[in-house]
Amino acid sequence: MKSVIHLWWGVLCCAYLLEARASQLLDDGFLSRIRSEAARHHPSVDAAQHRVAAAAQDIRAVRLWDDPMVGLGIMAANRSMRADQGDIIIGVDQPLPKLGMFDAQRGKAESMRRAEVENSRGSALAAGAEAARTAIELALADESVTLQQTQITWLTAMTENARQMAAGPMGSSIDALRMETELAKEQQMLDAARRTREGLARKLNLTLGRPLDSPWPAFDLPVAPLPVPVARAEIARIPHANPKVRAMREMVGAANAESRIANRERLPQFSLGVDTNIYSGGDVRSATLNVKMSLPWFNEKSYQAKIAGAHDRELAAGREVDAMRREVAAGVLAACTDAANAAAQARAYSGEVHDKALQTSKTIEAAWISSKAPLTDLLDATRVLFSIRLEQRRFIAMQQAAIEDLRTLVPGN
């Protein structure tokens, strides 16, 4: 009778531990807040935003007109010639814009800015994903601590039962000593799990830019697996959602603008100039308006080589986009597969596998209490049940982590 009382006492303690602790469900709303906070405070995101600002300034720095040139000359001649023609020469020369050059340069700068915007978005996603994955690890550590606390509560009750059984006329103290040993081992494992949890909490604080010792409530993983993403649909979203692919597409636009710039550079450069002759002892003697033109044909081979090189870089940038799409698609396939496998195993470990292990454990426990089963069978069955429960929570965490990886590759959904 006392054995039954102690057994129920252990069950009630387990229920109290599960209900009493204040916890935070690790749902998408909470993870979204974690991601946002990480993106706001991570230095890599701040650096990326400064690069966006610098790229925006580069657009403003594109000039339509080159700087004018001012010249000053002094004539050395006899006084009558200087008085007649002037002895101070002042000239102003203004290069004229080449046709299409300004638009090409501005188009390149705008493409570079858009690429930096996508790089900044990628940095924010990476920082948020790092924080979310750490939160998932922390939640798994909390689940592990809870399960081990439950295990210790059960072992405490079974140890008391073993002591009572040893006090009987036919009893032996071997089972009680064995249970005490198991209880001590589980307590050490619980202490290690708590230290792991403390380290993960500090890691999360570091990722979020908080003080290392900022407290966190206990986290709960979702009870059931999340919906499994469809790989084909996610791959179709890569060109529109993946920041790396979008940034590389902007680099293709920049390479195209570079090709246009190289093509415009081979055009002649025209400039307008005004030269004025002034006599130092009088007024203006004459003014001359002139037009100058560069002769680029002497360097035609150099210009053609530059055009060809820019064209090859544009083709290379286009192929790099295709290569990146394949690389991201491979990552999407791997993440979707991992998520599907983890979900299937989590469902199995929470269903038939868990039910059979629980039934086996209860049957052996009842047999042991009535001295019809050895203690080793009871401990083995309990370890199997504990392992199944922990694995089920681990598979839930693995699926969440895989979905977090997928979200980094194709954000938006």
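Rule-based calculations on the coordinates, nothing more; no lab input. Fair warning: this is a prediction, and the values are worked out from it, not measured in the lab. When we count neighbours, we look across all protein chains shown, and the Cβ atoms used for this are built from the backbone with ideal geometry, even at glycine.
Before moving on, here are some points about what is shown:
- Computed E for LEU96/HIS41 - FRET, C-beta separation, R0 60 angstrom, nearest 0.05: 0.75
- The fraction of Cα-Cα pairs per 5 angstrom bin, counted from 0 for region 201-254, comes to 4, 14, 11, 9, 9, 14, 18, 14, 5, 2 percent, rounded to whole percents.
- Taking a ≥ b ≥ c as the square roots of the eigenvalues of the alpha-carbon gyration tensor, region 152-236 is classed oblate because a/c is 1.5 or more while a/b is no larger than b/c.
- Full-stretch length increase - LYS372, ARG237 - with 0.36 nm per residue and alpha-carbon distance subtracted: 42.5 nm
- Trypsin sites (Lys or Arg not before Pro) restricted to DSSP loop in region 320-405 with at most 16 other C-beta within 10 Å: LYS372
- Farthest towards the positive end of the charge dipole of the chain, among the residues THR363, PRO296, ILE278, is the Cα of ILE278, using unit charges on the Cβ of Lys, Arg, Asp and Glu.
- The calculated FRET efficiency for the pair LYS185 and ALA54, based on their C-beta separation and a Förster distance of 60 Å, comes to about 0.55.
- For region 368-413, a crude dipole built from +1 on the beta carbon of Lys and Arg and -1 on the beta carbon of Asp and Glu, taken about the Cα centre, is about 120 debye to the nearest 20.
- Under 28 Å, Cα to Cα: Lys pairs in the chain, sequence gap 8 or more or different chains: 21
- Per the Debye calculation on region 117-173 with a single equal scatterer at every Cα and no solvent contribution, log₁₀ I(q)/I(0) for q = 0.20 Å⁻¹ amounts to -0.79.
- For the chain, a crude dipole built from +1 on the beta carbon of Lys and Arg and -1 on the beta carbon of Asp and Glu, taken about the Cα centre, is about 580 debye to the nearest 20.
- Of SER120, SER286, SER271, the residue with the greatest mean-square motion in the GNM of the chain, using alpha carbon springs below 10 Å, is SER286.
- Scattering profile of region 221-286 at q = 0.21, 0.23 Å⁻¹ [log10 I(q)/I(0), Debye over alpha-carbon scatterers]: -0.97, -1.01
- For the chain, built as a Gaussian network whose Cα springs stay under 10 Å, the top-fluctuating residue of ALA126, ALA176, ALA342: ALA176
- Reciprocal of mean inverse Cα separation for region 345-413 (Kirkwood radius, Å): 13.8 Å
- Ranked from largest, the principal axis spans of the Cα set of the chain equal 143, 44, 29 Å.
- Computed over region 291-403, the ratio Rg/Rh where both radii use C-alpha atoms and Rh is Kirkwood: 1.65
- Whole-Å distance, taken between Cα centres, linking region 315-349 and region 123-149: 22 Å
- Phi angles across region 268-278 convert, under the Karplus curve 6.51 cos²θ - 1.76 cosθ + 1.60 with θ = phi - 60°, into 3J(HN,Hα) values of x, 9, 9, 8, 9, x, 10, 10, 10, 9, 10 Hz, Gly and Pro given as x.
- When the charge dipole of the chain is built from unit charges on Cβ atoms (+1 for Lys and Arg, -1 for Asp and Glu) and taken about the Cα centre, the candidate among VAL321, MET101, THR150 whose Cα reaches farthest toward its positive end is MET101.
- Shape category assigned to region 35-139 from the gyration tensor of Cα positions, a/c cut at 1.5: prolate
- With each label modelled as a point 7 angstrom along the Cα→C-beta vector, the THR360-ASP275 pair spans 10.3 nm.
- For the chain, modelled as a GNM whose springs connect Cα atoms under 10 angstrom apart, the maximal fluctuation among PRO68, PRO217, PRO239 occurs at PRO68.
- Legend: calculated FRET efficiency, MET293 to VAL62, from the Cβ-Cβ distance at R0 = 22 Å, rounded to 0.05, equals 0.40.
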